[in-house]
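Notes to accompany the following structure.
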Amino acid sequence: MAEMTDPVEQAGVWVEIPQGYAALPLTGIAETVEAVGKLVTELGPPNIREAGDTVLSSLQVFLETLAERRAVYCGVGRHRSALNDQLITSSLVVTLLEFPEENNPRLVLKDLLEAKAGAGEAGQTDLVDLPNGPALFFERVTLMPAPAIPGQHVLAEGVESPVWQLEAFVPSPQGDKLATIEVSTPFAEHGPQYRAMLVAMASGVVFEEPVDSDPLAALLG
């Protein structure tokens, strides 16, 4: 089997990642998680060691699932809220789908919107024209199971917490690719503050390598 190149170099989409996000691995996941686990075991305080196996195991499954779904970037961010200066966390995921045939970009988004409606997904939908073409934004607050972490406060089984999510779908001019940018935060009341960030990211998506691009700044080229 041929050795895989870095997915950053073969993704075929370029988008600028905002400051405050730390990238998580989408290749060599098991090896990275194992190395982190050893560090936690050797250096972590007792409460961190107790929760380490559970957290890292869940993280590995999460990252492997993203890789299977064509994710080309996954990051975790920490930012200060504009509402009360509270430190809030979020996840940022960029995926890329490629289609065998070219299509009208607006029809790509139309099919996507119909698929979401058919799946019963409810949320605020906005179809807008950005400088780089049409894009679809889908915003919602959804309930997700609250994680039970050893050593932490024990939650009742089945407890769910609200998570704010915003997705941006940007098709290529030829309609043969679709970039999806998703930001999620468990600090649901602070979620709307990420709107401007995601619009700016979506507006900067391109599917051909920019002239004189910096391979470190153009994260997904």
Q: Quickly rank 201-210, 59-68, 111-120 as a protection proxy: mean count of other C-beta atoms within 10 Å, highest first.
A: 201-210, 59-68, 111-120
**Q.** Phi-based couplings in Hz for the range 129-140 (Karplus 6.51, -1.76, 1.60; Gly and Pro marked x)
**A.** 9, 9, x, 9, x, x, 8, 10, 10, 9, 10, 7
Q) Non-local amide H neighbours of Val15 (under 5 Å, H modeled in plane, Pro and chain starts lacking H): which ones? A) Leu219, Leu220
Q. Using modelled backbone amide H atoms (1.01 Å from N, in-plane), which distant-in-sequence or interchain residues come within less than 5 Å of Lys177's amide H?
A. Phe99, Ser172
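Would you mind counting up the charge near Ser172? Only other residues with Cβ under 13 Å from its Cβ, with Lys and Arg at +1 and Asp and Glu at -1.
Within the 13 Å Cβ shell, the charges total -3.
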Q. Suppose R0 equals 41 Å; then what is the FRET efficiency for Val61 and Ser81 from their Cβ-Cβ distance, rounded to the nearest 0.05?
A. 0.90
Q | Diffusion constant of the range 84-130 at 4 °C, which comes from Stokes-Einstein with the Kirkwood Cα-pair radius and 1.567 mPa s, µm²/s | A | 92
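Each value in this text was obtained by applying a stated rule to the coordinates, not by laboratory testing. As the structure is a computational prediction, the values presented were derived from the model and not from experiment. Glycine also receives a Cβ, built like all others from the backbone with ideal geometry; neighbour counts cover every protein chain displayed.
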